[in-house]
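The values are calculated or read from the model by the stated rules, or taken from the named source; none is laboratory data. Computed from a prediction, not measured in an experiment: that's the story for all the values here. All Cβ positions, glycine included, derive from the backbone under ideal geometry; neighbour counts span all protein chains shown.
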2 protein chains.
Amino acid sequence: MSRTDEVVDGIRRMILDGRLRPGDRLPVEKDLADTLQVSRGSLREGVRALSILGVVHTRQGDGTYVTSLDPARLLSPMALVLDLQDDGAMPAFHSVRRVLETEAAGLAASRMSDAAVAEARAILDQVTDVLRGSPVDHDTFIEIDIAFHRVIAAHTGNPVLEALIESFAGRTVRARLWRVLHTEGIEERTHDEHEAIWRALAARDPEAARIRMASHLLGVEDSLPRRNDLP
Amino acid sequence: MSRTDEVVDGIRRMILDGRLRPGDRLPVEKDLADTLQVSRGSLREGVRALSILGVVHTRQGDGTYVTSLDPARLLSPMALVLDLQDDGAMPAFHSVRRVLETEAAGLAASRMSDAAVAEARAILDQVTDVLRGSPVDHDTFIEIDIAFHRVIAAHTGNPVLEALIESFAGRTVRARLWRVLHTEGIEERTHDEHEAIWRALAARDPEAARIRMASHLLGVEDSLPRRNDLP
DNA sequence: CCCTCGCAAACATCTGATGAAATGCCAGCA
DNA sequence: TGCTGGCATTTCATCAGATGTTTGCGAGGG
């Protein structure tokens with residue numbers, strides 16, 4: 001086990017033991033390096049790694065603090081790494097996304113407030129303008145697509161589910177997804193399916209919301225190029 | 001953006017651009033530091049972070065290599081970070097786990113080979129001996145529990161789903177889960193439910209497998225202490 | 001009471017040096 | 001020829017020291 005790993009493990013252990021709690025400030029580099037019996041260089045490597053993992057964050061001139069340790073924060077670095085995946089893995093990722101978002105749609109249908117339903121409605125209404133354009137403003141359409149799915153995830157009442165969906169269907173991943181979709185008229189079809197999902201949400205019908213979301217995302221999977229399609 | 005972040009982004013970009021492919025060796029520290037216009041110290045911090053994220057791995061005296069970038073490898077660091085979660089977040093995590101494993105059970109029922117079914121059977125047969133003990137060997141029971149769920153995940157045909165389940169239901173998380181379960185006779189009930197899941201798998205009945213798995217994990221969630229139970 | 005300036009603390013970065021591990025080469029031997 | 005053992009080189013691991021940058025805070029003046 002390298003020195004750096006010992007640093008990571010040491011800090012992790014301090015948090016688990018309760019010696020460090022969210023929001024707490026870590027000892028200064030010199031002291032902590034002394035405590036963990038490593039040089040400042042090795043200490044910094046470990047702290048930096050935890051910083052990228054979202055466990056701590058440092059501010060120059062101030063100090064290093066334990067973050068809130070929210071699921072959203074701890075799961076977000078996954079997105080950085082997910083788009084390193086080969087295009088061939090996209091179907092597998094999307095299948096998992098479908099499972100997660102289907103569950104989210106069902107939960108949201110039961111839990112969304114009237115205000116949240118209105119928010120989703122407002123997002124969909126923006127699409128009308130975009131689709132009128134010729135050619136369609138693709139980037140804006142993607143932004144709206146993301147926003148619609150995000151508002152659903154935000155009202156599941158499950159922050160872990162929400163954070164996971166954000167990782168699997170966030171901006172970078174979604175951009176890649178749309179890059180490989182070439183089907184004609186896909187924007188219109190997507191919008192129609194979003195409308196169907198919205199109706200299920202507005203009707204507070206979890207079963208319908210699940211089916212509509214699953215159908216929507218299965219349709220996307222059908223449009224994904226299979227591995228055999230590649231040269 | 002700090003120097004280290006530039007290193008992380010630079011290497012990530014090299015992989016995305018295809019300048020680095022899985023298995024490739026990175027330039028030596030001095031050269032890479034020179035290319036990215038940072039000192040060796042900063043470079044090492046960035047490389048170390050990517051190493052902990054599972055993107056590269058370094059061997060002293062040899063060099064630094066891009067990993068296979070398998071989903072399993074890239075998702076595994078999540079487990080390191082998941083057990084930093086407060087016990088209060090456990091229900092949310094477990095709900096997601098239930099969704100993932102329910103899907104896995106359905107997929108596995110369709111795809112498991114006869115050999116895989118036999119493997120699952122063998123795992124369950126071990127339980128009989130363990131339950132005969134008094135007191136029950138808890139650690140061994142947990143190991144078998146993990147092995148049973150893992151063999152199901154391994155036969156979904158979806159490596160992303162498998163890796164995600166491993167993160168959400170791996171050894172460390174599971175150990176914590178069992179630590180907060182106090183229900184009397186829970187081992188026996190768990191075993192009975194595992195048997196029911198196995199019968200559905202052996203019958204190649206996806207719907208039954210889904211229901212049995214969901215029921216099994218919902219039962220676990222019922223046994224989780226609610227937030228209000230805490231002092 | 002409020003604002004500004006300067007000092008001290010803390011992280012950010014760089015440089016040079018030394019240690020440890022893996023690899024490759026090659027001489028020596030069977 | 002083929003193998004084996006050790007030596008030199010390469011490369012990462014770690015340390016120590018020095019300097020730059022940013023932040024926070026308090027003293028002092030308006």
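Quick check: anything in the stretch A:67-78 of a type in the set (Asp, Glu) and under 30 Å from A:HIS94 (Cβ atoms)?
Yes, that holds for at least one residue.
Note down all Cβ pairs under 7 Å where the first residue falls in the stretch A:20-41 and is at positive phi, the second is within 7 Å of DNA strand C (Cβ to nearest atom) and not small (Gly, Ala, Ser), and they're at least six residues apart or on different chains.
none
Check the stretch A:40-54 and report whether any residue there is within 15 Å of DNA strand C (Cβ to nearest atom) and surrounded by fewer than 20 Cβ atoms within 10 Å (Cβ to Cβ).
Within the stretch A:40-54 (the criterion being within 15 Å of DNA strand C (Cβ to nearest atom) and surrounded by fewer than 20 Cβ atoms within 10 Å (Cβ to Cβ)), the answer is yes, since at least one residue qualifies.
Within the stretch A:26-58, which residues are away from DNA strand D (no atom under 12 Å from the Cβ) and within 12 Å of chain B (Cβ to nearest Cβ)?
Matches in the stretch A:26-58: A:VAL47, A:ARG48, A:LEU50, A:SER51, A:ILE52, A:LEU53, A:GLY54, A:VAL55, A:VAL56, A:HIS57.
So how many residues does the stretch B:10-58 have that are part of a loop (DSSP other than H, G, I, E, B) and of a type in the set (Gly, Ala, Ser)?
Here the count works out to 4.
Give the stretch B:184-198 a look and list any residue that's modelled with pLDDT under 90 and surrounded by 12 or more Cβ atoms within 10 Å (Cβ to Cβ), or say none.
Result: B:ILE186, B:GLU187, B:GLU188.
Got at least one residue in the stretch B:139-152 being over 20 Å from the mean Cα position of the chain (by Cα), over 25 Å from A:GLU103 (Cβ atoms) and not charged (D, E, K, R)?
No, the conditions are met nowhere in the stretch B:139-152.
Condition first: in contact with a Pro (Cβ under 8 Å, 6 or more places away or on another chain) and over 23 Å from A:HIS94 (Cβ atoms). Now tell me which residues in the stretch B:158-199 satisfy that.
B:VAL180
Could you tell me whether any residue of the stretch A:18-25 is hydrophobic (A, V, I, L, M, F, W, C), in contact with a strand residue (DSSP E or B) (Cβ under 6 Å, 6 or more places away or on another chain), away from DNA strand D (no atom under 13 Å from the Cβ) and away from chain B (no Cβ under 12 Å)?
No - not one qualifying residue is present in the stretch A:18-25.
Do you know which residues across the stretch A:1-15 are within 13 Å of DNA strand D (Cβ to nearest atom) and facing another protein chain (nearest Cβ under 8 Å)?
Across the stretch A:1-15, the qualifying residues are A:THR4, A:VAL8.
Could you look through the stretch B:61-97, keep only residues that are charged (D, E, K, R) and surrounded by fewer than 21 Cβ atoms within 10 Å (Cβ to Cβ), and pick out the one that is nearest to B:GLU221 (Cα to Cα)?
By that ranking, first place goes to B:ASP87.
Given the conditions (1) surrounded by fewer than 19 Cβ atoms within 10 Å (Cβ to Cβ); (2) part of a helix (DSSP H, G or I), and given that A:VAL160 satisfies all but one, which numbered condition is not satisfied?
Of (1) surrounded by fewer than 19 Cβ atoms within 10 Å (Cβ to Cβ); (2) part of a helix (DSSP H, G or I), only one is false for A:VAL160: (1).
Could you check how many residues of the stretch A:76-89 are within 10 Å of chain B (Cβ to nearest Cβ), among the hydrophobic types (A, V, I, L, M, F, W, C) and in contact (Cβ under 8 Å) with a residue 40 or more places away in the chain?
Here the count works out to 2.
A:GLY61 passes all but one of (1) within 14 Å of DNA strand C (Cβ to nearest atom); (2) assigned to a helix (DSSP H, G or I); (3) more than 9 Å from chain B (Cβ to nearest Cβ); which number fails?
(2)
Just wondering, is there one or more residues in the stretch B:97-120 that are part of a loop (DSSP other than H, G, I, E, B), in contact with a helix residue (DSSP H, G or I) (Cβ under 7 Å, 6 or more places away or on another chain), away from DNA strand D (no atom under 14 Å from the Cβ) and not charged (D, E, K, R)?
There is at least one residue in the stretch B:97-120 that is part of a loop (DSSP other than H, G, I, E, B), in contact with a helix residue (DSSP H, G or I) (Cβ under 7 Å, 6 or more places away or on another chain), away from DNA strand D (no atom under 14 Å from the Cβ) and not charged (D, E, K, R).
What about B:ARG73, is it basic (Lys, Arg), in a loop (DSSP other than H, G, I, E, B) and touching a residue at least 12 places away in the same chain (Cβ under 8 Å)?
So B:ARG73 fails the test.
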